[in-house]
Amino acid sequence: MFKRRLSLLLVLALALNFVAVLGMGSPARAAESPSLASYAPPDTVIFVTARIDDAFIDTLDGLRAKVVDALPAGAVPGMMNFRALISMAATSGGLNYEKDIRSWLGDNMAFFVSNPEMLVQRGGNTPEDVTAAFVVDIKDRAVTVKFVDDLLAKTPSAKGMFTKADEATYTVYRSTEGDKGTKAFNSSTAIAINDNALIIGTIKGVDAAMGTRAKLFEQEGFKSALALLPETKYNALIYIDTGALFKLGVQANMRLSSASNPNAEAMANAFVDAIGPTVVGATILDDRTLTLDMAQKLGDTSGLEKLGVTLPKLTPIKASFAANIPATAAGVVEGSNLAGIIDYALTNVVSLSKLQSQADAERVAAEIKRFEDEFLKNTGIDFREDIVSWMTGDFALISGYTSPKPGTATLLNSQLFPKLPVENAVDAGMIFEVTDKAKVDTLVAKLETLIAVGLKNNKEVTLTTETIGGAKVLVLSGTAPLPSGQSTKLEFVIGANDKVLVLATRPLAEAILTGAPGLDTSATFKAASVYLVPQPTAIAYLSNDGVNLLGDLGLLGAISDNLGRAMRGQPEQTQQKFVEIQTQLRTFLALIESATVSSTTDASGSTVSRAVITLAK
C-alpha cells in the first residue's frame, strides 16, 4: 500500500504532464521552465515541465467537453473529466485530492534525467544508478512535510523504510534497505522538501536537485534553445539534449563500424557534434489555436565542413505566392527553390560517398551523370537545363476536395456504392513559379512531343491542346476504371502562364489559369497564416475539407481489408454502417477549422517548426 501511495504523486505528475502535451491550455499561467530547471543538474539530457494548476485542469475539462459535445450521445460512455480522474486516482491511494494534496500542491511540475549512459547500458543497472527526479511546486512547506509524515506513519509497510533529517535548507527522507522484498526500491528512493518544492526520485536524483553546483537553467545550450521558440510561455515544455543521446548510440556501435570503415568514427562524431538540443513547447493561442512548437538548435558543424558535407540553405516562401493557389484548396504543401534542394542532395550524396572511399565517390558521380544522360536520351529533356535550372522560385502541391455528403459515391469510395453515379470530388496537382518563361515553354513543348510519341498506339488516352485563361495547355483525357466496375472520365492539364507552370486535374488547372480567387483571399487561410513561423521555408495547410479528406481516407483504410467480403455478403448493411460512421466522423471533424505546419531556418542553421490546429468558433 505504501509504494502505491508514494507512487501516487509520480503518477499524478505524469498524468498531468501527458495531458498537458496533448490537451494544452491557456498560456496565461504557463509553466516557466527556468524556475524548476533550477533543480535539474547541468548535464540533464531530458527535462519536462508542465502546468498542474486548477486553471489548467479547468481548461482541459473545457476542451474535453467540447469534444464530447461534438460526438453522438453515448459515443464515449463513462468518459470522466480530468478533475474527476485525478480525484479517483487519489482515492485509489486512500487520499482525498482536494484535502490531502491540492492544499499544498503548487502550479508546476518537472521531471529530469541525467547520466544518460544508464539509459542504454545493458544489464546490471538498478534504480540507484540513475539520476532522475520529479519536482513539484508547493504552496506550504509545513503542510507538505506533514502530508509526507502522515503518509509514512499510516502505512505499515513503510516502517523503518525512511530516515528523516534536516540537510541544509531541506527536510530529507532517505530510504534504507528495509525488507528484502523491496530492497532495490528502498535503497534508491529519496524525498526532499524545501520552502518551494517537493522532490521525489532516486537518491542520486534528489541529491543532484539539492546540490549547489550549477543547474540546467544556467547552461548556454538550454537558454539558447529556449530562445528559439516563438512564445515566451508554454503549458508544457520538453528539453532534450539530443546530441548527447545520439553520442551514446554512436559510441555503442562504433567498434563494429570502425572495423569496416576507417572514416566511420570521424563521420559519426561530426554528425553528432552538429546536433544541438531540441526543445518542444505546447500551448493554446487566442483560446482556440492548439499549438506545438519545436526548435532544433544546430551544434558544431566544423567537423562536417572538414568532411566536405554542407548544410542546406533553404529559401523563405513568398507570401504573395499564395495568390496562385485557389482559395478552395483543401490541402497545400509549399516550398521554395527546388533547384537548390536537388543540387544540395546530389552534391552531398557524392560528398558522403567520398567518406567511404574516393572510388565510391567517383562511382556515385558517374551514376548521377549516367542517369542524366539516359534521361536526355530517352525523353529529349535535359534534366538540369530544362527542368532544374529554372526551378528557383516557389512551388506547391495542391489537393482539392469538396466534402461530399455522407453516402455519396466518389473516386475514393465507389466500391461501397456501385449503383450510384460517381462524383469526382478530388483534385490534385502541382504548380511551379515561372522564373524563365522561355525555358518553361521549351519544357512544355518537349513534354508534348514525348507524350505524343508515348500515346501513339494508345486508344484509351488522348492528347489535345487548347487555351485556358490565355495559356496554351496540353490536355490528357481518358477513362479510368474503378473498383466498383464503373469508370470515370479524368483530364489532366499541363501548361503555363507568365506566373506558374501547372500540372493538375482539369478543375484545379482551370481555377489556377483563369485567375480564380487565390488562397490569400480565403478567410480560413488568412486566419491560419497568422500562426505560421516568420519567413517559413516550408508550409503545409489543411482546410476543414482537407481534414475531412484525411478522415475519409482513414475510414476507408480501416475497412479496406474486409470491404470486398462485406459488400458481397451484406451490401446494404455495410453501406448503412459506413454512412453512419462517416456522419459521426464529419460531426467530430467539424471541430477543426484548419491545421498548419510551418518551419524556418535561422542564420545559424537552427530550425523552428510549428504545428497548429485551429478549432472552429
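Please count how many residues of the stretch 388-431 are β-branched (Val, Ile, Thr) and closer than 19 Å to Gly331 by Cβ. Break it down into steps so the answer makes sense when it comes.
Step one: filter the stretch 388-431 for residues β-branched (Val, Ile, Thr), giving 388, 392, 398, 402, 408, 410, 422, 426, 431.
Those left that are additionally closer than 19 Å to Gly331 by Cβ: 398, 402, 410, 426, 431.
Of the residues in that region, 5 qualify.
With the condition kept exactly as written, say whether any residue in the stretch 579-593 is part of a helix (DSSP H, G or I) and closer than 30 Å to Val434 by Cα. Spell out the reasoning first.
Our first condition is that a residue be part of a helix (DSSP H, G or I); within the stretch 579-593, this holds for 579-589.
Imposing the further condition that a residue be closer than 30 Å to Val434 by Cα reduces the set to none.
Within the stretch 579-593 (the criterion being part of a helix (DSSP H, G or I) and closer than 30 Å to Val434 by Cα), the answer is no, since none of the residues qualifies.
Return the total of residues in the stretch 289-311 being free of Cβ contacts under 8 Å to residues at least 60 places away in the same chain and surrounded by 14 or more Cβ atoms within 10 Å (Cβ to Cβ).
Going residue by residue through the stretch 289-311, those that are free of Cβ contacts under 8 Å to residues at least 60 places away in the same chain are 299-300, 302-310.
Then drop every residue that is not surrounded by 14 or more Cβ atoms within 10 Å (Cβ to Cβ), which leaves 299-300, 303-304, 307-309.
Number satisfying all stated conditions: 7.
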Scanning the stretch 412-428 for residues that are surrounded by 15 or more Cβ atoms within 10 Å (Cβ to Cβ) and either farther than 26 Å from Gly518 by Cα or not assigned by TED's automatic domain parsing to the domain that holds Arg586 (or both) gives Leu412, Asn413, Ser414, Gln415, Leu416, Phe417, Pro418, Leu420, Val422
Ala266 passes all but one of the listed conditions (1) in contact (Cβ under 8 Å) with a residue 24 or more places away in the chain; (2) over 25 Å from Leu226 (Cβ atoms); (3) buried (at least 17 other Cβ atoms within 10 Å of the Cβ); (4) among the aliphatic types (A, V, I, L, M); the exception is number (3)
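For the stretch 482-496, which positions are farther than 15 Å from Met430 by Cβ and touching a residue at least 12 places away in the same chain (Cβ under 8 Å)? Please lay out each step first, then the result.
To start, the set of residues in the stretch 482-496 that are farther than 15 Å from Met430 by Cβ comprises 482-491.
Once the filter is applied, which keeps residues that are farther than 15 Å from Met430 by Cβ and touching a residue at least 12 places away in the same chain (Cβ under 8 Å), the stretch 482-496 yields Leu482, Pro483, Ser484, Gly485, Gln486, Thr488, Lys489, Leu490, Glu491.
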Of the residues in the stretch 452-479 that are assigned to a loop (DSSP other than H, G, I, E, B) and surrounded by 12 or more Cβ atoms within 10 Å (Cβ to Cβ), the one that is farthest from the chain's Cα centre (by Cα) is Leu455
Here the residues within the stretch 551-575 that are over 24 Å from the mean Cα position of the chain (by Cα), in a helix (DSSP H, G or I) and surrounded by 12 or more Cβ atoms within 10 Å (Cβ to Cβ) are Ile559, Leu563, Ala566, Met567, Pro571, Thr574, Gln575
Reported set for the stretch 426-451 where residues are without any contact (Cβ under 8 Å) to a residue 12 or more places away in the chain and in a loop (DSSP other than H, G, I, E, B) is none
Residue hits (the stretch 553-580; touching a residue at least 40 places away in the same chain (Cβ under 8 Å) and farther than 20 Å from Lys419 by Cβ) are Leu553
Pairing a residue in the stretch 384-407 that is within 30 Å of Lys369 (Cβ to Cβ) with any residue that is hydroxyl-bearing (Ser, Thr, Tyr) and in a strand (DSSP E or B), where Cβ atoms lie under 8 Å and the two sit 6 or more apart in sequence or on different chains, gives Gly393/Ser336; Asp394/Ser336; Phe395/Ser336
Note: among Ala511, Ala504, just one is of a type outside the set (D, E, K, R), in a helix (DSSP H, G or I) and at pLDDT 95 or above, namely Ala511
Arg370 vs (1) surrounded by 15 or more Cβ atoms within 10 Å (Cβ to Cβ); (2) part of a helix (DSSP H, G or I): all pass except (1)
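Does Val333 satisfy being farther than 30 Å from Leu532 by Cβ, of a type in the set (A, V, I, L, M) and either assigned to a helix (DSSP H, G or I) or not assigned by TED's automatic domain parsing to the domain that holds Leu532 (or both)? Before you say what the answer is, go through the steps one by one.
Values: farther than 30 Å from Leu532 by Cβ: no; of a type in the set (A, V, I, L, M): yes; either assigned to a helix (DSSP H, G or I) or not assigned by TED's automatic domain parsing to the domain that holds Leu532 (or both): yes.
When the stated conditions are applied, Val333 does not pass them.
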Per the list (1) crowded, with 18+ Cβ neighbours inside 10 Å; (2) touching a strand residue (DSSP E or B) at 6+ places or on another chain (Cβ under 6 Å), residue check on Ala323 breaks on (1)
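The values are calculated or read from the model by the stated rules, or taken from the named source; none is laboratory data. Note that the structure is a prediction, hence the values are computed from the model and not measured. Backbone-built Cβ (ideal geometry, glycine too); neighbour counts: all protein chains shown.
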